[in-house]
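Structure first, commentary second.
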Amino acid sequence: MKLNAKFLNKIIEPALDNFFKNEINSILADVSERNLCARLALHFESQMKVAGLVGYYADPEYSRKQEGQVKTILNGNMEVISITCDLIIHSRGETVTKDNLIAIEMAKPNKSPAEMQDDRNRLMALTKASYDGVWSNDGIAHPEHVCGYVKGLFLIVDRKARHAHLESYAHGVVSQPPKQIIF
């Protein structure tokens, strides 16, 4: 099985559909972003099973890498930043050749523009294959900083308007036109 964007879309689309269908009451009740991410994780794990993807997990706010170290990325100024992504689909380091599959950031419309840009910047950094050759994601050794996610998703859930705005990232840039999901 090729763990590419096309394959992952077969997991992403039904997971999001099921999330909005089954979690509508929680969304409308304005539960916390953290709770919504945990619920979304359940829908991703269910779809991963349907797709035959084994050895991968959907983890909200997972902040550890090998030997218990805190995950880090390099920002545009090559500064090390500790990160905790809202939800990740990964192998928890068990599959070195393709550990990181999907990174998801979620927001509500009341999040500040600066905070939303931080989420977007994090997704751009997480979906890069490397930082100009400074370190590698060679499939043999775990990289010093988190990288190599096949896809990044930024999901803005607007309960009042009853829609979500979805942005997709790959290779450090926006990879598809934004999509609106009505719920």
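The values are calculated or read from the model by the stated rules, or taken from the named source; none is laboratory data. Small disclaimer: the values here were computed from a predicted structure and weren't measured. Reconstructed Cβ throughout: ideal geometry from the backbone, glycine too, with neighbour counts over all protein chains shown. When the accessible area is computed, the model is the full protein with side chains, heavy atoms only, and any ligands, DNA or RNA have been set aside. Shrake-Rupley method; radii C 1.70, N 1.55, O 1.52, S 1.80 Å.
Of everything listed in (1) modelled with pLDDT under 95; (2) on the phi > 0 side of the Ramachandran plot, the single unmet condition for Asp30 is (1).
Hey, does the stretch 165-173 have a residue that's in a loop (DSSP other than H, G, I, E, B), modelled with pLDDT of 85 or more, touching a Ser or Thr at 6+ places or on another chain (Cβ under 9 Å) and open to solvent by less than 60 Å² (accessible area, probe 1.4 Å)?
Taking the stretch 165-173 first, the residues in a loop (DSSP other than H, G, I, E, B) are 171-172.
Within this subset, residues satisfying the condition of being modelled with pLDDT of 85 or more are 171-172.
Checking which are touching a Ser or Thr at 6+ places or on another chain (Cβ under 9 Å) leaves us with 171-172.
Next cut, open to solvent by less than 60 Å² (accessible area, probe 1.4 Å) only: 172.
Yes, that holds for at least one residue.
Checked against the criterion of being in contact with a Ser or Thr (Cβ under 9 Å, 6 or more places away or on another chain) and at pLDDT below 95, the stretch 40-62 contains one or more residues that satisfy it. Annotation note: Cβ proximity below 6 Å between a residue of the stretch 31-60 that is under 18 Å from Phe154 (Cα atoms) and a residue that is open to solvent by 60 Å² or more (accessible area, probe 1.4 Å) and in a helix (DSSP H, G or I) (sequence gap 6+ or interchain) occurs for Ala58/Glu45. Residue pairs whose Cβ atoms lie under 8 Å apart, sitting 6 or more positions apart in sequence or on different chains, and linking a residue in the stretch 1-16 that is closer than 17 Å to Val54 by Cβ to a partner that is among the charged types (D, E, K, R), are Leu3/Lys98; Leu8/Lys151. Do the conditions hold for Phe44, that is, is it open to solvent by 10 Å² or more (accessible area, probe 1.4 Å) and among the aromatic types (Phe, Trp, Tyr)? Taking the combined requirement at face value, the residue does not satisfy it.
Criterion applied to Val146, Val134, Val96 was being open to solvent by 50 Å² or more (accessible area, probe 1.4 Å) and modelled with pLDDT under 80, and the one residue passing it is Val134. Here Asn25 meets each of (1) of a type outside the set (A, V, I, L, M, F, W, C); (2) crowded, with 17+ Cβ neighbours inside 10 Å; (3) at pLDDT 90 or above with one exception, condition (2).
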